[in-house]
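Asks: I am attaching a structure below and will ask some questions about it afterwards.
The values are calculated or read from the model by the stated rules, or taken from the named source; none is laboratory data. Predicted model, so just to flag it, every value in this text is computed and none were measured. Cβ atoms come from the backbone with ideal geometry, glycine included; neighbour counts cover every protein chain shown. Note: accessible area is taken over every heavy atom of the protein model, side chains too, but ligands, DNA and RNA are not part of it. Shrake-Rupley method; radii C 1.70, N 1.55, O 1.52, S 1.80 Å.
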Amino acid sequence: MGKAADSTVEREMHSSELEAVYRMTKAVISAKSEQEALDSVCKLVVETKLAKFAWAGRPDELSKLVIPIAKAGADKGYLSKVKVAFDSSDLGCGPTGKAFRTGKPNLVRFIETDECYKPWRDEALARGFRSSVAIPIVLGKDVFGSLTVYSETPDAYSTDTVSLFEEFASNLALTLRNFRDKEAREKAEKELRVSEEKFRSLVENTQDVIISVNMLGKITYISPQFSLYGVRSEDVLNKNFIDFIYPDDRAGLLADFAKAMVGIKTTSQFRVVTPNGKVIWFEEKDNFQRDKSGRVMGITAILRDATERKKIEEERAGRQAELEKKVTERTAALKQEVEKVELLSKARDEFVRNITHELKTPLSVILLDTELARRAHARGKEAEFNEFMDTVDRNAVRLRGSIENVLELSRVGTMTEYKKEKVSVEKLIESVIDVYGPIAQKKGVALEVKGGNEPLVILGDPSLLPYVLTNLVSNAIKFTSEGSVAITAERKEKFISISVSDSGIGMSEETQRRMFEKFFKADPSAPGTGVGLTIVKEIAEGHGGRIEFKSKLGKGTTFTIFLPAG
Amino acid sequence: MATKKKILIIEDEPDVARGVQFLLDDAGYEATVALGGEEGLAKMKGFDLILLDLMMPKMSGRQVLKEMSKRSLKIPVIVVSAVGLPDTVKTELESYYPGTGFVSKAHVRELLLEEIAKVFAKK
């Protein structure tokens, strides 16, 4: 405009034309959008009587047509009847098409006669259009569109007017460019806002912690979620990330990074020690930031709290280990049990053989010797008769002992409760001495009773206690060939202890270890069932007492049983 | 019976040995006792019959039989066992010493003299 003001065109121009362009320029400047600007321009061209009809179009690359986007004035359906192209086809040879292609205004002075106007002539004349000018709205290489105006007057537009339009159009193009730039900027800004919104909601709604670490290992960003662990971002920012990794997990994590750098995808699990001393398990998929050449610039990682899962895993592993341990223990126990049963079964076989021998031998002797006694008697052999009767007597006692052993074993083995009656220790010892005194004497072994100043009473089963003492005393005599067997009874706190001490052969280490086993016999060929001590121990323990022993090979053995005092 | 048949009793139970000895003496044999396998093996030369217990400490009747077989002795043997022996054991013992007879201790008074008579009748 300023340029136009100084030119000769201005002086020769109708003031109405200048006024129109001025108003149009003002409208364009104050327009809020491209559409508003073009609408105003069309309207003002018609209002100021520069044209009977005006329209603005925009090129459509797909159809190659110029699509009307604004119009003003009396077109009487002209635009819906005609098509205008901007390529070099017939429809592109009109003023608008030429204007697009050349980037210059195109003037049709006489619609009635213009050669190129053929496709639209009839429609244009029917609406009283006699001359027309098309002005491209261009800026540099950018073609924004076109403004085409029509007049009822033939040759209505002078070259000066066309120049004026051209100058106006370039201002319009500048405005449109601004609009489009602004639009693009706004669009970009909006997109950015949307994406930011998305990201923010993602970041804020996740419990994951996002962290960025630069190539020096410094933490350059940490998302606000980290404050959930009671840590302020400034406490970790700019510090080396490795300082916060649990020392045991550092090597593993760095190894994972090394793998990730060469493209092996890894998921790292590691513990973080927060500045306030919390230990948190995190899981992280390594995510390297690379520049355009693929060089690693740092790491941005999403840390997922895996503490809970780790806890569950550890618990599960713990349970598994516990289960395996139990199974192992149970298997071992079972194996031991099986071995015990096998050993017991072997011992039981041995026992059956022994007990059969033990029972049958005295029985055989009784059977034989009663016959022999009869014969001796018949022959008047008094000495032999007495001898056989003594043998029968002795073997009958032995048989009774063996049978009692067997019965006791089955009784004690199935017993769950023992009687608790007052049993006099003095009487108990007496009854044993009555039976074993003569046997010891015959063998040349002194059977002594020591102590016994105060009357002692045991709380126990009167039918079982004699068996205990009998067994210990008979064993002592059996394994002692010279010297003595001493019985000592004492009160020891809540217990009465009865010791049977001999000066016999003593026990080997194996015998000491195994003598309480059922059916164990120190000398397999010696008479006996191998259950005596087993029963003694069971009875003692069944009474809430115990049995102890001391033994030395060649020196002798002392058994002491402790039974509850009455 | 010009001379008395000599019988050796190898038996560790003195009561049994003594009884059997009396029974045999009473029946007109000359019975001697050996209280164990070793003693029996040492004494057995010159005997007409051996009565042998199986379950004995130190040297069992089984071992005695094997040893006798090794020495190619021909003295007849009757095994006097505390228990009645199953056939498998009898077969086993006969394989060590063919012609072995068997009597269980429980039936000594009824069967032993009969078995001894059978052995001597064969000769």
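Asks: Compute the FRET efficiency between A:Lys26 and A:Asp235 as 1/(1 + (r/R0)^6), taking r as their Cβ-Cβ distance and R0 = 41 Å, and round to the nearest 0.05. List each step's numbers first, then the result.
Replies: Values: r = 60 Å, r/R0 = 1.47.
After rounding to 0.05, the efficiency reads 0.10.
Asks: Roughly what would the spin-label model give for A:Arg394 and A:Lys311, points 7 Å off Cα along C-beta, in nm?
Replies: Each label point is offset 7 Å from its Cα along the Cβ direction, giving 8.2 nm.
Asks: While we're on this one: Work through the residues other than A:Glu186 whose Cβ is under 14 Å from its Cβ and net out their charges, Lys, Arg +1 and Asp, Glu -1.
Replies: On the way: positive: A:Lys32, A:Arg180, A:Lys182, A:Arg185, A:Lys187, A:Lys190, A:Arg193; negative: A:Glu34, A:Asp181, A:Glu183, A:Glu189, A:Glu191.
Summing Lys/Arg as +1 and Asp/Glu as -1 gives +2.
Asks: Do you know the relative contact order of chain A, to the nearest whole percent, from alpha carbon pairs under 8 angstrom that are 6+ apart?
Replies: 7 percent
Asks: Would you mind telling me the antiparallel percentage of the DSSP bridges in region A:415-564, rounded to 5? Kindly include the intermediate steps, with their values, before the conclusion.
Replies: Numbers: 26 of 33 bridges.
In region A:415-564, approximately 80 percent of DSSP beta bridges are antiparallel ones.
Asks: Return the carbon/sulfur percentage of the accessible area of chain B, one whole number, probe 1.4 Å, all protein chains in place. Write out the running numbers ahead of the final one.
Replies: Details: 3190 of 5890 Å².
Summing carbon and sulfur atoms, their accessible area is 54 percent of the total for chain B.
Asks: With only alpha-carbon atoms counted, please give the Rg and Dmax of region A:318-410, in Å.
Replies: Values for region A:318-410 (Cα only, Rg and Dmax): 25.3, 89 Å.
Asks: Hey, with R₀ at 51 Å, roughly what FRET efficiency would A:Glu19 and A:Asp291 work out to, going by the Cβ-Cβ distance, to 0.05?
Replies: In this case the efficiency is close to 0.30.
Asks: Return the residues of region B:101-115 for which accessible area with all protein chains present is lower than in the chain on its own by 20 Å² or more; set the probe to 1.4 Å and exclude ligands, DNA and RNA.
Replies: B:Lys105, B:Ala106, B:Arg109
Asks: What accessible area, summed over both chains, is buried at the B-A interface (1.4 Å probe, Å², nearest 100)?
Replies: 2000 Å²
Asks: For the residue pair A:Lys450 and A:Thr102, what label-to-label distance in nm results when each label sits 7 Å from Cα along the Cα-to-beta-carbon direction?
Replies: Each label point lies 7 Å from its Cα, and together they span 14.8 nm.
Asks: For region A:2-184, which whole-number percentage of the solvent-accessible area (1.4 Å probe, protein heavy atoms only) is attributable to carbon and sulfur atoms?
Replies: Numbers: 4670 of 9260 Å².
Looking at region A:2-184 in its full context, I get 50 percent from C and S.
Asks: A follow-up question, please. When the Cα centres of region A:510-566 and region A:212-289 are compared, how far apart do they sit, in Å?
Replies: Each part reduced to its Cα centre gives a spacing of 69 Å.
Asks: What three numbers, in Å, describe the spread of the alpha carbons of the protein assembly as shown along their principal axes, ordered from the longest?
Replies: 190, 70, 44
Asks: If you restrict to DSSP beta bridges whose two residues both lie in the protein assembly as shown, what percentage is antiparallel, to the nearest 5?
Replies: 75 percent
Asks: For every other residue with a beta carbon closer than 11 angstrom to the beta carbon of A:Leu44, add +1 if it is Lys or Arg and -1 if Asp or Glu, then tell me the sum.
Replies: +1
Asks: A follow-up question, please. Given a 1.4 Å probe, show me the residues in region A:354-376 buried by at least 40 Å² of accessible surface when comparing the whole protein assembly to the chain alone.
Replies: Checking the loss per residue gives A:His357, A:Lys360, A:Thr361, A:Ser364, A:Leu367, A:Leu368, A:Leu372, A:Arg375.
Asks: Hey, can you find the accessible area per residue of region A:206-305 for me, probe 1.4 Å, expressed in square angstrom? Kindly include the intermediate steps, with their values, before the conclusion.
Replies: On the way: 5770 Å² over 100 residues.
On a per-residue basis, region A:206-305 sits at 58 Å².
Asks: Accessible area per residue, 1.4 Å probe, Å², for region A:446-566: what's the number?
Replies: Result: 46 Å² of accessible area for each residue.
Asks: Using a Förster radius of 45 Å, what is the FRET efficiency between A:Lys265 and A:Val194 based on their Cβ-Cβ separation? Nearest 0.05, please. Before the final figure, lay out the partial values.
Replies: On the way: r = 31 Å, r/R0 = 0.68.
E between A:Lys265 and A:Val194, to the nearest 0.05, is 0.90.
Asks: Using the alpha-carbon atoms, what tilt in degrees (0 to 90, nearest 10) does helix A:382-414 show relative to the longest principal axis of chain A?
Replies: In chain A, helix A:382-414 runs at an angle near 20 degrees to the longest axis.
Asks: Which parts of region B:1-35, residue by residue, lose 30 Å² or more of accessible area when the rest of the protein chains are there, as against the chain isolated (1.4 Å probe)?
Replies: Residues shielded by partner chains are B:Glu13, B:Asp15, B:Val16, B:Arg18, B:Gly19, B:Phe22, B:Leu23, B:Asp26.
Asks: What net charge is computed for the residues neighbouring A:Asp90, neighbours being all others with C-beta under 11 Å from the C-beta of A:Asp90, Lys and Arg scored +1, Asp and Glu -1?
Replies: That works out to +1.
Asks: Once both labels are modelled 7 Å past Cα along the beta-carbon direction, what's the B:Lys6-A:Glu430 spacing in nm?
Replies: Computed distance between label sites B:Lys6 and A:Glu430 equals 5.7 nm.
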